[in-house]
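Structure first, commentary second.
The values are calculated or read from the model by the stated rules, or taken from the named source; none is laboratory data. Bear in mind the structure is a predicted one, so any value in this text is a computation, not a measurement. So basically every Cβ, Gly included, is an ideal-geometry build from the backbone, and we count neighbours across all protein chains shown.
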Amino acid sequence: MLGKDPRKVQRSILRQYGAHVVSKQREHTTWQMPDGARIVVRDTDHHGTVAKRLEELRSRYGPVEQTNSIDRFGTRANKPDLDLNRVVASTHAKERLALMQSQAKVTFQEVLHAIRIPERVLWSDRHGSWMWVRDRLAVAVVETGDSFVITTILWTSNDLFEQYPRPA
């Protein structure tokens, strides 16, 4: 997992432990854990420093519980009916699909199945978007009045995110 940007991985894990940023300076960020402990993360931290810090976190707080990456989204009433004639894809969504096609042979048909015959439809308060979920894909869709915009395509599990990471 530390093959990625170690600071990005560290931020993600700190959030999983329930930490939040209490101050951000030019060269470092201070995080506070739920028990009040503070951790200073320097912009210059390298893989070894981050790996050691993460091991200390695991030792003190236990392993991070791995949850399905889309479990952070909830349900909401009144999901829209998608009219395929009004669905467009953002540049980012097209780039994500191209990457996923090259990494894991994702097909356009899988995306179409996710939005036409989803296993479930979730809501993201944070992004103000619907997540149409089927098999290994979650398709984020925002309603814009006249159209529906596919903003991104995500894997449905942490295992898939780790197996097929985004380039740094």
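Brief remarks follow.
- Yes/no for Val22 being over 28 Å from Thr156 (Cβ atoms), surrounded by fewer than 13 Cβ atoms within 10 Å (Cβ to Cβ), under 23 Å from the mean Cα position of the chain (by Cα) and among the aliphatic types (A, V, I, L, M): yes
- Hits in region 25-50 (condition: touching a residue at least 40 places away in the same chain (Cβ under 8 Å) and either assigned to a loop (DSSP other than H, G, I, E, B) or surrounded by 16 or more Cβ atoms within 10 Å (Cβ to Cβ) (or both)): His46, Val50
- Wholly within region 56-168, strands (runs of 3 or more DSSP E) carrying at least 2 residues that are in contact (Cβ under 8 Å) with a residue 12 or more places away in the chain and surrounded by fewer than 14 Cβ atoms within 10 Å (Cβ to Cβ): none
- Total residues in region 136-155, condition of a type outside the set (Gly, Ala, Ser) and within 15 Å of Leu97 (Cβ to Cβ): 11
- Selected residue (criterion: modelled with the lowest pLDDT) from residues of region 1-19 that are surrounded by 12 or more Cβ atoms within 10 Å (Cβ to Cβ) and among the basic types (Lys, Arg): Lys4
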